[in-house]
Amino acid sequence: MEEFLHDIANHIEGYYKGLVDITPKLLLAIVVVLISWFIASRVRGFADSRLKTKMHDPLLATFIANLIRAALIIIGLLFMFRVIGLTGVAQSVLAGAGISAFIIGFALKDIGENFLAGMLLAFKRPFAVGDIIESNGVKGKIVALNLRDTQIKSDSKNIYIPNALLIKNTLIDFNSGGFLLQDFTIGLDYGSDYRKAISLITEVMKADSEVAEKGYKNSAVASGITGSTIQINIRYG
């Protein structure tokens, strides 16, 4: 019994010594991660503002800034492994095909798939900030392209669509021609003067400088009748 208790005491003492030995390294590793995170965030903000002043595509500028931030965080994590003493982990990440193998390995998971899809969207640029898009039954205005998802705004709500879904599924960009085309029909009572209504609608469209300057052939025409109304089709962009 005494020998058993002695063995337990030795094990506890060994664990305690190990904890005492590794605690400074763990604290230093935490400091390294926090500093890396801080530097990466500051560099990301600086790169984002600088790139937006030099590039005509703010969506791509933000994506590149996010990519720089992610790269700096990965470098910080690799340095953390070295501080703790897990150099084998850091070497295995950089071995073989290097960082590309690390990214391809991620591609086997959803996060990697969305990351690579974000890369394609950033450089293919099928849409720009402010465009109205529709995909997967969701419609809204493009706000930002992130490493994992695309942020759109719809009815004062922020919606985040995984980038892979935008690559795999149908994507409609309502601004692809340089304007957002509105096409709808209204109904007027039979007793209404539809010619006067068309004239008023046309005048309103001409008076709107944003509509008039885009050069689209705006129109308001009688398109048909129903059992109770005269249909007026309105198109402007």
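Here are the numbers:
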item	result
Yes/no for residue 128 being farther than 23 Å from residue 221 by Cα, of a type outside the set (Lys, Arg) and in contact (Cβ under 8 Å) with a residue 60 or more places away in the chain	yes
Single residue of 148, 235 found to be under 30 Å from residue 48 (Cβ atoms) and at pLDDT below 90	148
Test: residue in the stretch 18-37 that is outside the structural domain of residue 143 (by the TED database), at pLDDT below 75, assigned to a helix (DSSP H, G or I) and surrounded by 12 or more Cβ atoms within 10 Å (Cβ to Cβ)	yes
Residues (within 13 Å of the chain's Cα centre (by Cα), among the β-branched types (Val, Ile, Thr) and in a strand (DSSP E or B)) located in the stretch 122-156	142, 143, 150, 152
Qualifying residue in the stretch 191-208 (condition: of a type outside the set (D, E, K, R), at pLDDT 80 or above and not in a helix (DSSP H, G or I))	yes
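The values are calculated or read from the model by the stated rules, or taken from the named source; none is laboratory data. The shown structure was predicted, so the numbers you read here are calculated from the model rather than taken from an experiment. Cβ atoms come from the backbone with ideal geometry, glycine included; neighbour counts cover every protein chain shown.
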